[in-house]
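The values are calculated or read from the model by the stated rules, or taken from the named source; none is laboratory data. Computed from a predicted model, the values in this text were never measured in an experiment. Counting neighbours? That spans all protein chains shown, and the Cβs are built from the backbone with ideal geometry, glycine included.
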Number of protein chains: 2
Amino acid sequence: MKSLNRLISAFRRLPGVGPKQAERFSSYFLKASEAEANELCTALQNLKKSVKLCSNCLNYCENDLCHICKDEARDRTSICIVEKPKDIELIERTKIYNGLYHVLHGTISPVSAKEIGHHKIKQLAGRVDASDPKILEIILATNPDTEGENTALYIADVLKGSVENISRLGYGMPLGADIEYTDELTLSYALKGRTKV
Amino acid sequence: MKSLNRLISAFRRLPGVGPKQAERFSSYFLKASEAEANELCTALQNLKKSVKLCSNCLNYCENDLCHICKDEARDRTSICIVEKPKDIELIERTKIYNGLYHVLHGTISPVSAKEIGHHKIKQLAGRVDASDPKILEIILATNPDTEGENTALYIADVLKGSVENISRLGYGMPLGADIEYTDELTLSYALKGRTKV
């Protein structure tokens, strides 16, 4: 049936969905009520319609400003720079950071498919310069891989005139790791970054 | 975000989708183009709009008759009775049956959630009686479990006046099975159903 095959192809585009699972989802809707099919559609169209980027930090949000930028209790002198909106959630869960964020939506890297334009860095620099109160701290929380590293170094270079305190996430052994199974690079960072007890 | 949570709940209703996967699907649509979201919606609504039940055998189809009932080359004196449309596909793959089908969309069983009304059996009996050419063979291909068994016996009872040749799928050891790990019931059926070599 043509209409079933079309739905199967649509589901196959979802991340991690193979032919069997796409068929299972589609068959489910053969049986499901029309109301249920409509609920998925409405939710989907609603998402595409109402989710925008925060005008300050580029996080996803439903209004002009995201809930973090709107929060009066946050420290407005500190910006943590992340690659994607999802990273904010994970940093928020640690409950030890109370500043603002800035989402790059990618990295600067000539070899990466996620490459972002330099205008995004200019946008960040503009935000830092225009900020009131003055930004006192930048935390570079890009991933500890080549692209993330390059991006962090580049941003540090751009911002070093405007912000005094620029830091990078600490490297080292993850908690619960075993030295035997830790790669040399991580171990060398853990050695360099050793702390007094 | 409300609209994201609503989409997550909609995806969670799909069979076998847990909270993590529903979130992954939803986040995918945050990034995906609006065209892609619309394609899924259109495919879904199209399916609900265009898929009907075949007026002859109750299989899913997009027209009045399904492709099997329409096929002039099929043997119109034989009906294979199945519980659900998916079963037809699997029987078709064996390529050894060339008759028609009838889909019950459930079983008759007082303990099953999939219980069907007796009017469905009357509908089947009506089809058998009205058929031209006369139905010469009925194959009961319900599942080999309590509900399927009850349903098969009941249908055999209803139709035994109208059709001479009523049979049930053969029971026994599945190919590739190991006697050591076969349950007693299956083994007892395999013994009763032994064939000469």
Which condition number in (1) more than 28 Å from residue A:6 (Cα to Cα); (2) surrounded by 16 or more Cβ atoms within 10 Å (Cβ to Cβ) is the one that residue B:129 fails? (2)
Among residues belonging to segment B:157-190 that are hydroxyl-bearing (Ser, Thr, Tyr) and out of contact with any helix residue (DSSP H, G or I) (no Cβ under 7 Å at 6 or more places or on another chain), point out the one that is farthest from residue B:129 (Cα to Cα). B:181
Selection from segment A:27-60 of residues that are within 28 Å of the chain's Cα centre (by Cα) and either small (Gly, Ala, Ser) or in a loop (DSSP other than H, G, I, E, B) (or both): A:43, A:50, A:51, A:54, A:55, A:56, A:57, A:58, A:59
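Tally up the residues in segment B:124-148 that are in contact (Cβ under 8 Å) with a residue 40 or more places away in the chain and either small (Gly, Ala, Ser) or part of a strand (DSSP E or B) (or both), please. Quick ask: steps written out before the conclusion?
Step one: list which residues in segment B:124-148 are in contact (Cβ under 8 Å) with a residue 40 or more places away in the chain, which gives B:124, B:127-128, B:131, B:133-143, B:147-148.
With the extra rule that they be either small (Gly, Ala, Ser) or part of a strand (DSSP E or B) (or both), the set shrinks to B:131, B:137-141, B:148.
Here the count works out to 7.
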So which of A:24, A:6, A:76 is in contact with a Pro (Cβ under 9 Å, 6 or more places away or on another chain), of a type outside the set (S, T, N, Q) and part of a helix (DSSP H, G or I)? A:24
It is to be established whether one or more residues within segment A:50-67 are without any contact (Cβ under 8 Å) to a residue 24 or more places away in the chain, crowded, with 20+ Cβ neighbours inside 10 Å and at the interface with chain B (Cβ under 10 Å from one of its Cβ atoms). yes
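If you check residue B:109 against the conditions, is it polar (S, T, N, Q) and more than 14 Å from chain A (Cβ to nearest Cβ)?
Against the criterion (polar (S, T, N, Q) and more than 14 Å from chain A (Cβ to nearest Cβ)), residue B:109 qualifies.
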Somewhere in segment A:104-111, is a residue of a type in the set (A, V, I, L, M), over 23 Å from residue A:70 (Cα atoms) and surrounded by 18 or more Cβ atoms within 10 Å (Cβ to Cβ)? yes
Checking residue A:180 against (1) over 25 Å from the mean Cα position of the chain (by Cα); (2) at pLDDT 85 or above; (3) of a type outside the set (S, T, N, Q); (4) not in a loop (DSSP other than H, G, I, E, B), which single condition isn't satisfied? (2)
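Results for (1) of a type in the set (D, E, K, R); (2) in the same structural domain as residue B:141 (by TED's automatic domain parsing); (3) at pLDDT 95 or above, shown as yes or no for each residue.
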| site | (1), (2), (3) |
| --- | --- |
| B:30 | no, no, no |
| B:34 | yes, no, no |
| B:45 | no, no, no |
| B:63 | no, yes, no |
| B:81 | no, yes, no |
| B:85 | no, yes, no |
| B:91 | no, yes, no |
| B:94 | no, yes, no |
| B:97 | no, yes, no |
Residue A:151 passes all but one of (1) assigned to a helix (DSSP H, G or I); (2) touching a Ser or Thr at 6+ places or on another chain (Cβ under 9 Å); (3) over 23 Å from residue A:84 (Cα atoms); which number fails? (3)
Hits in segment A:68-107 - residues which are in contact with a His (Cβ under 7 Å, 6 or more places away or on another chain) and in contact (Cβ under 8 Å) with a residue 24 or more places away in the chain: A:79, A:81
What single numbered condition from (1) surrounded by 13 or more Cβ atoms within 10 Å (Cβ to Cβ); (2) free of Cβ contacts under 8 Å to residues at least 24 places away in the same chain; (3) not assigned by TED's automatic domain parsing to the domain that holds residue A:143 fails to hold for residue A:116? (3)
Please tell me if residue A:190 is within 15 Å of residue A:82 (Cα to Cα) and crowded, with 16+ Cβ neighbours inside 10 Å. no
Looking only at segment B:1-49, how many residues end up being within 7 Å of chain A (Cβ to nearest Cβ) and in contact with an Asp or Glu (Cβ under 6 Å, 6 or more places away or on another chain)? 3
